[in-house]
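Just below is one structure, and these are the notes that go with it.
The values are calculated or read from the model by the stated rules, or taken from the named source; none is laboratory data. Computed from a prediction, not measured in an experiment: that's the story for all the values here. Every residue, glycine among them, receives a Cβ derived from its backbone with ideal geometry; neighbour counts consider all protein chains shown.
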Amino acid sequence: MTGHNHKVAALVLAAGQGSRAGGDTPKQFRQVGGKAVIAHAIDAFTAHPAVDSVYLVIGAGQEDTVRALIGGGQVTSIIEGADSRRGSVRAGLEAIAAGGGADRVLIHDAARPFLSSAMIEQLLGALDRAPGAFPALPVADTLVRSADDSAGDTVDRSGLYRVQTPQAFHFDAILSAHRNWDSSREATDDAQMLRLAGHDVILVPGDERLEKLTYPQDFARAEALLASRRTTRVGMGYDVHRLAADEELWLCGVQVPHDRGLAGHSDADVAIHALVDALLGALSEGDIGSHFPPSDPQWRGAASSRFLEYAGARVIARGGRIDHVDVTIICEAPKIGPHRDAMRQRISEILAIPLDSVSIKATTTEKLGFAGRREGIAAQAVATISLPALF
């Protein structure tokens with residue numbers, strides 16, 4: 001693994017106001033593909049095995065908002081930035097130094113959410129050849145020079161590149177460049193500061209997906225990109241509970257009048273349990289028992305809706321979407337038909353999905369087996385979700 005012999009820190013910059021993106025919400029906090037832009041960037045670093053720590057620089061008064069968007073435990077430290085990008089980078093670098101330092105650092109704009117593992121690898125590998133590296137794309141469009149609305153001279157675009165982030169550096173070199181920078185002037189980026197400090201900086205091939213989100217149309221483009229790179233996942237669940245006297249009968253979150261109810265550690269809602277397993281199966285995240293073990297007393301008598309809310313939240317946390325759920329209840333009695341609409345409505349509410357994305361069916365076993373003998377009720381469920389494909 002590239003960079004495994006070095007201590008690598010990532011520094012994510014999210015202190016800007018992002019006003020050109022439109023609306024009142026800073027662009028780094030807006031949603032793309034069901035997840036905040038800032039979370040996409042952080043997740044790319046935390047998922048990479050060569051990155052040891054992630055430092056996040058934000059604006060004043062934004063910490064509560066940021067923690068709600070990214071969840072707990074995903075960043076090493078959150079730092080308040082400065083009025084300029086250079087000042088925010090300096091604050092982040094000093095925080096890394098105070099936290100024990102690093103050998104390598106990747107400095108990245110949060111507004112470039114689609115960072116691939118391959119790009120991180122490429123940049124860390126480039127640091128074996130130079131103390132600085134950044135991704136860049138050649139300028140493909142014709143360029144003209146003009147002081148007004150009239151077209152002027154054409155600019156030779158050979159040798160011109162569009163600079164992207166992350167920019168990668170030997171940590172001590174970029175920290176020194178910042179500490180020794182003439183504060184009376186601003187730098188265009190960190191690579192410029194390192195070059196002017198006398199160090200070599202090399203280019204690596206950029207990635208079109210790393211374009212910065214700046215204007216409203218950029219967010220539309222990002223959504224289209226994610227939509228084209230989503231993958232469909234299907235999970236199946238099955239569960240059985242026995243019928244017992246003096247128990248309430250809960251099915252799909254609805255209490256159904258009956259002479260007996262289902263016995264179990266929680267409220268024994270067999271239909272919801274099957275659906276939870278279907279959702280967790282689509283995520284490849286185990287089964288309901290691994291998340292809510294029956295040996296844990298806190299789940300005794302618990303409403304199964306809590307389990308389903310959790311499974312739905314797991315889909316959202318992965319940047320996913322629940323496209324459809326289909327539940328089949330297997331029993332001789334009670335009749336499910338009179339309660340079907342209420343069951344569909346309840347599942348729709350719990351998962352926060354449209355009603356027409358919920359199917360509830362019922363069947364019998366023609367009086368065969370335990371269900372036919374009215375000893376218990378079984379349920380099976382299929383969940384169809386879509387997840388963002390990994391870059």
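From the list P338, P297, P354, the one residue that fits, being over 16 Å from A381 (Cα atoms) and within 28 Å of the chain's Cα centre (by Cα), is P354.
Screening E63 against (1) over 22 Å from W181 (Cα atoms); (2) in contact (Cβ under 8 Å) with a residue 24 or more places away in the chain leaves a single unmet condition, (2). Output yes when any residue across the range 170-193 is loosely packed, with under 11 Cβ neighbours inside 10 Å and part of a helix (DSSP H, G or I), and no when none is. No, the range 170-193 contains no residue that is loosely packed, with under 11 Cβ neighbours inside 10 Å and part of a helix (DSSP H, G or I). Within the bounds of the range 171-190, is there any residue that is on the phi > 0 side of the Ramachandran plot, of a type outside the set (S, T, N, Q) and modelled with pLDDT under 95? No: the range 171-190 contains no residue that is on the phi > 0 side of the Ramachandran plot, of a type outside the set (S, T, N, Q) and modelled with pLDDT under 95.
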